[in-house]
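Asks: Input: one structure, supplied below.
Nothing in this text is a laboratory measurement; each read-out follows from the coordinates by a stated rule. Keep in mind that this is a model prediction, so the values were computed, not measured. Glycine also receives a Cβ, built like all others from the backbone with ideal geometry; neighbour counts cover every protein chain displayed.
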Amino acid sequence: MSELKLMKGNEALAEAAIRAGVDAYFGYPITPQSEVIEYLMTEQPEKRTGMVVLQAESEIAAINMVYGAASTGKKVMTSSSSPGISLKLEGISYIAGAELPAVIVNVVRGGPGLGTIQPSQADYFQSVKGGGHGDYKLYVLAPASVQEMSDFVEDAFDIAFKYRAPVLILSDGLIGQMMEKVVLKDQQERLTDEEVIKKYDSWATTGKTNRERNIITSLDLQSEKMEARVHRLMKKYEQMELEDTRYEEFQTEDAEYLFVAYGSSSRIAQKAVKLARKKGIKAGLVRPITLFPYPKKVLFKLANQVKGILSVELNAGQMIEDVLLSVEHKVPVAHFGRTGGIIHTPEEVLEALEQKIIKNGSIRHHKTRESSIL
Amino acid sequence: MEVLDIIKPENQVFCKSKLMTDTTLSYCPGCGHGTAHNLTMEVIDEMGIVENTIGVAPVGCSVLAYDFMNIDMTQAAHGRAPAVATAIARCWPEKYVFTYQGDGDLAAIGTAETIHTCNRGENIVIIFVNNGIYGMTGGQMAPTTLEGMRSSTSPYGREAKTMGMPIKMTELVANLPGVYYATRQSVHTHKHARKAKKAIKKAFENTRLKKGLSFIEIVSNCNSGWKMNPNESNIWMEEHMFPYFPLGDIKVNGKLK
Ligand SMILES: Cc1ncc(C[n+]2csc(CCOP(=O)(O)OP(=O)(O)O)c2C)c(N)n1
Ligand code: SF4
Ligand SMILES: [Mg+2]
């Protein structure tokens with residue numbers, strides 16, 4: 001039965017995992033996402049649905065547990081925060097290489113290093129530009145509300161199984177910790193072991209029956225085979241771009257200036273749009289929901305319409321690179337963002353638009369044109 | 001009598017298990033890995049559990065175990081096989097799950113996973129091939145390399161003062177309550193191979209009875225890494241490895257010997 005509740009983002013995600021019929025969760029505590037495993041341990045999903053929950057000895061163990069369960073066709077996930085995700089990267093690369101479905105959640109905190117436990121979006125590069133070794137990508141979903149923390153669990157598994165690929169839910173300490181109303185979905189039945197075997201018999205290692213043995217590996221010692229594997233991965237990523245790119249537009253129809261922001265920043269940017277419009281500045285917002293695949297096309301299209309773009313991120317300037325790639329130098333682009341766990345205000349964001357784009361726009365435009373002659 | 005008259009099925013004590021594929025082993029001639037594979041497959045075949053068995057291959061010379069073992073297998077990241085096996089066993093409590101790992105894999109990079117998997121008493125079998133060296137990467141020092149033993153990263157011999165003493169992993173994990181069975185075997189002679197097979201069988205029986213973790217160390221040779229011919233390496237193993245890594249049961253039915 002769907003249900004309306006007041007919940008923390010992390011708890012909503014954990015509850016959604018139980019309701020989505022997830023088979024197993026493996027994790028290791030770290031602020032600001034420990035509520036995920038705490039909630040699961042308290043709820044005893046083993047009794048509710050038969051879901052396995054285990055506190056691993058490290059993030060490394062946890063991601064390799066995910067790899068193990070995923071290799072048998074089970075619906076499995078883990079969650080962590082930035083330093084823990086860094087530890088998981090080898091395992092994530094293996095999951096991508098071995099073509100396994102799995103969901104990883106990063107409730108981002110500030111870095112580098114031990115950094116801060118306060119919210120941040122400084123793991124953008126790590127999430128969308130690889131992170132781990134080798135030619136792979138993660139499908140990255142960026143929730144902007146507690147509702148989406150809940151909804152994206154099922155969405156993430158749909159994509160993970162559609163492509164047999166790892167999916168990352170890239171949240172942050174703000175969305176993870178804040179409380180909002182959330183409509184929880186109905187309980188889904190977990191697949192039985194027999195159903196898992198039947199459904200994934202072509203690849204999952206569930207025990208060799210009257211078929212060829214199944215092998216899960218990311219190793220190809222023959223270069224041609226390895227290249228074929230990489231090509232297979234690239235095909236999936238192309239298909240993701242075509243079929244599963246997600247974004248949201250806010251007041252872009254008549255916009256002269258554009259904010260691009262995801263996750264918690266997009267909420268602040270949305271307020272900045274309203275403030276701007278009160279002042280007579282026609283601002284709009286594009287919120288990428290998937291960070292890979294990135295909504296390049298809509299930005300490219302809007303670049304013909306707007307006079308400038310401000311990439312608003314809780315970091316020192318990371319997503320701006322994808323904005324620049326998308327708009328191909330057609331308009332000036334600048335970055336604004338606070339770091340260290342400080343969350344920018346809508347007023348600061350609007351001021352940044354005025355200072356960095358509206359005031360300087362023509363000069364920057366000129367510069368880009370100049371450089372394009374060279 | 002000619003040799004060919006002796007090689008007949010009725011005379012064979014050891015032959016290729018039905019569960020070994022026809023792929024040529026990638027191991028150096030004389031290496032113990034092949035025998036350890038074969039014994040494991042014989043046990044799974046004899047117990048009739050292939051449909052319910054999932055193996056986890058390591059990173060090391062036996063990374064390609066899945067090319068040789070005709071069973072469902074997952075290849076794990078270096079050292080992480082116990083974590084991979086943990087999850088499989090938790091999600092499929094009725095299955096037989098085993099890892100097959102080298103000493104670098106299990107006792108260096110994967111020490112944390114090994115200890116915690118043992119401590120949780122996961123219902124799995126760990127087969128640990130200790131050859132005192134990193135075979136795959138070309139003969140570097142392993143955590144189990146003997147004191148004074150030369151390797152490419154201890155070219156003047158392992159010096160205990162700066163490199164520590166070789167780690168006795170089986171004794172270490174035997175002290176954890178989750179470990180139900182811990183034994184050290186070898187496979188370099190018929191006699192030893194027969195004993196090792198018995199131990200492997202006991203381990204899989206323990207899984208069937210849900211007794212928890214069974215840990216089987218197989219002290220083995222790496223003739224290439226040790227820079228010896230196969231026969232020399234086996235003699236060297238008996239003379240040097242066995243005194244430090246004595247063969248025999250360390251814990252049986254949950255009780256230390
Ligand atoms: C993370 C990582 N570090 C290092 C390596 C390189 N490497 C591959 S195998 C190996 C050592 C294997 O030795 P062991 O486990 O003793 O197996 P053996 O080959 O002796 O059977 C190393 C260091 C790797 N593949 N991955
Ligand atoms: S390098 Fe050593 S462990 Fe590897 S196959 Fe050769 S003899 Fe065996
Ligand atoms: Mg070794």
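Asks: What number, rounded to the nearest 500 deg cm²/dmol, is the helix-based mean residue ellipticity at 222 nm of the protein assembly as shown, given -39500 (n - 2.57) per DSSP H run of at least four residues and division by all its residues? Numbers along the way, then the final one.
Replies: On the way: 25 runs with 247 residues, N = 631.
That calculation yields -11500 deg cm²/dmol at 222 nm.
Asks: Once R0 is set to 35 Å, what does the formula 1/(1 + (r/R0)^6) return for the Cβ-Cβ distance between B:M163 and B:N229, expressed as a FRET efficiency to the nearest 0.05? Mind showing how you got there, number by number?
Replies: Values: r = 27 Å, r/R0 = 0.77.
Calculated value: 0.85.
Asks: So if I take the centroid of the Cα atoms in region A:138-204 and the same for region B:127-161, what is the distance between those two points in Å?
Replies: What the calculation gives is 45 Å, centre to centre.
Asks: While we're here: Report, ordered by chain and residue number, the lysines lying within cross-link reach of A:K282, taken as a straight Cα distance under 21 Å and ignoring same-chain residues fewer than 8 apart.
Replies: A:K271, A:K274, A:K301, A:K307, A:K330, A:K356, A:K359
Asks: Taking 8 Å as the Cα distance limit and 6 or more residues as the minimum spacing, I'd like the relative contact order of region A:247-373 as a percentage. Don't jump to the answer; show the numbers that get you there.
Replies: Numbers: 221 pairs, mean separation 32.6, N = 127.
Once divided by the residue count of region A:247-373, the mean separation gives 26 percent.
Asks: Next question, about the same structure. For chain A, build the charge dipole from Cβ charges (+1 Lys, Arg; -1 Asp, Glu) around the Cα centre, then report which of A:L221, A:G68, A:I268 sits farthest towards its positive end.
Replies: Final value for the positive-end residue is A:I268.
Asks: In addition: Rounded, prolate or oblate, given the Cα gyration tensor of the protein assembly as shown, with a/c below 1.5 counting as rounded?
Replies: On the way: a/c = 2.41, a/b = 2.08, b/c = 1.16.
Taking the square roots of the gyration eigenvalues as a ≥ b ≥ c, the protein assembly as shown is prolate.
Asks: Please get the size of the charge dipole for the protein assembly as shown, origin at its Cα centre, with Cβ charges of +1 on Lys and Arg and -1 on Asp and Glu, quoted in debye to the nearest 20.
Replies: On the way: 72 positive and 73 negative charges, 113 e Å.
Roughly 540 debye for the protein assembly as shown.
Asks: Taking the Cα centre as origin and putting +1 on Lys and Arg beta-carbons and -1 on Asp and Glu beta-carbons, what dipole magnitude results for region A:3-243, to the nearest 20 debye?
Replies: Working: 26 positive and 34 negative charges, 84 e Å.
The dipole of region A:3-243 has a size of about 400 debye.
Asks: Now, a different point. Along Cα→Cβ, 7 Å out, is where each label goes; now give me the distance between the ones at A:S202 and A:K162 in nm to one decimal.
Replies: According to this spin-label approximation, the distance is 1.7 nm.
Asks: If each of A:I342 and A:T31 carries a label point 7 Å out from its Cα toward its Cβ, how far apart are those two points in nm?
Replies: The answer from the label model is 2.0 nm.
Asks: Using just the alpha carbons, could you tell me how many Å³ per residue the convex hull of region B:64-191 encloses?
Replies: On the way: hull volume 17.1 nm³, N = 128.
It is 134 Å³ per residue.
Asks: Right, here's the next one. Pairs of alpha-carbon atoms within less than 8 angstrom and 6+ residues apart define the contacts here; what relative contact order does region A:197-309 have, in percent? Before the final figure, lay out the partial values.
Replies: Values: 132 pairs, mean separation 29.2, N = 113.
Relative contact order, region A:197-309: 26 percent.
Asks: Quick one: order B:I49, A:I92, A:I30 by neighbouring beta-carbon count within 10 Å, fewest to most. Before the final figure, lay out each step's value.
Replies: Working: B:I49 17, A:I92 24, A:I30 21.
If I rank by nearby Cβ atoms, fewest first, I get B:I49, A:I30, A:I92.
Asks: Let's see if you can work this out: charge +1 on each Lys and Arg Cβ, -1 on each Asp and Glu Cβ, no other charges. What is the dipole magnitude of region B:28-256 about its Cα centre, in debye to the nearest 20?
Replies: Numbers: 22 positive and 20 negative charges, 111 e Å.
The calculated dipole for region B:28-256 is roughly 540 debye.
Asks: Can you grab the distance from the C-alpha centre of region A:26-81 to the C-alpha centre of region B:201-235, Å, no decimals?
Replies: 32
Asks: Would you work out if region B:1-155 is rounded, prolate or oblate? Take a ≥ b ≥ c from the square roots of the eigenvalues of the alpha-carbon gyration tensor; rounded if a/c is under 1.5, else prolate when a/b is larger than b/c, oblate otherwise. Let's see the in-between values first.
Replies: Numbers: a/c = 2.34, a/b = 1.15, b/c = 2.04.
Oblate shape, in that a/c is at least 1.5 and b/c is the bigger or equal ratio.
Asks: Further question on the same structure: As an exercise, use a Förster radius of 56 Å and the Cβ-Cβ distance of A:E189 and B:S152 to find the FRET efficiency, rounded to the nearest 0.05. Working shown, then result.
Replies: Values: r = 55 Å, r/R0 = 0.98.
So the FRET efficiency works out to roughly 0.50.
Asks: Gap in Å between the Cα centre of region A:334-350 and the Cα centre of region A:223-283?
Replies: Using only Cα atoms, the two centres lie 19 Å from each other.
Asks: Taking θ = phi - 60°, what integer Hz values does the Karplus form 6.51 cos²θ - 1.76 cosθ + 1.60 yield along region A:167-172, in sequence order, with x for Gly and Pro?
Replies: 10, 10, 9, 9, 9, 8
Asks: Okay, next question. Could you state the principal axis extents of the C-alpha atoms in region A:247-373, from the largest down, to the nearest angstrom?
Replies: Extents along the principal axes, in whole Å: 40, 33, 31.
Asks: Which distance in nm do the two modelled labels at A:H133 and B:E94 give, with both placed 7 Å along the Cα-to-Cβ direction?
Replies: Using points 7 Å along Cα→Cβ, the separation is 4.0 nm.
Asks: Percent antiparallel among DSSP beta bridges with both residues in region A:98-255, to the nearest 5? Walk me through the numbers on the way to the answer.
Replies: Working: 1 of 11 bridges.
Taking every DSSP beta bridge with both residues in region A:98-255, the antiparallel ones total about 10 percent.
Asks: Can you tell me which of B:C28, B:C15, B:C61 moves the most in a GNM of chain B? Springs connect C-alpha atoms under 10 Å apart.
Replies: B:C15
Asks: Sticking with this structure for a sec: May I ask you to derive the FRET efficiency for A:E351 and A:L6 from their Cβ-Cβ distance with R0 = 30 Å, giving the value to the nearest 0.05? Don't jump to the answer; show the numbers that get you there.
Replies: On the way: r = 33 Å, r/R0 = 1.12.
E(calc), rounded to 0.05, equals 0.35.
Asks: Using only the Cα atoms of region A:3-243, build the gyration tensor, take square roots of its eigenvalues as a ≥ b ≥ c, and label the shape rounded, prolate or oblate: rounded if a/c is under 1.5, else prolate if a/b is larger than b/c, else oblate. Spell out each step's value before the answer.
Replies: Values: a/c = 1.77, a/b = 1.25, b/c = 1.41.
Here region A:3-243 falls in the oblate category.
Asks: Over region B:109-237, what is the relative contact order in percent, taking alpha-carbon pairs closer than 8 angstrom and at least six residues apart? It would help to have the intermediate numbers written out before the result.
Replies: Numbers: 224 pairs, mean separation 40.3, N = 129.
Answer for region B:109-237 is 31 percent.
Asks: With axes computed from alpha carbons, what is the tilt in degrees of helix A:223-243 against the longest principal axis of chain A, rounded to the nearest 10 within 0 to 90?
Replies: 60
Asks: Something else: Place +1 on the Cβ of every Lys and Arg and -1 on the Cβ of every Asp and Glu in region B:64-125, take the dipole about the Cα centre, and give the residue among B:V125, B:Y100, B:A87 whose Cα lies farthest towards its positive end.
Replies: B:A87
Asks: Comparing B:N38, B:N231, B:N206, which has the greatest mean-square fluctuation in the GNM of chain B with Cα pairs linked when under 10 Å apart?
Replies: So, out of B:N38, B:N231, B:N206, the one fluctuating most is B:N231.
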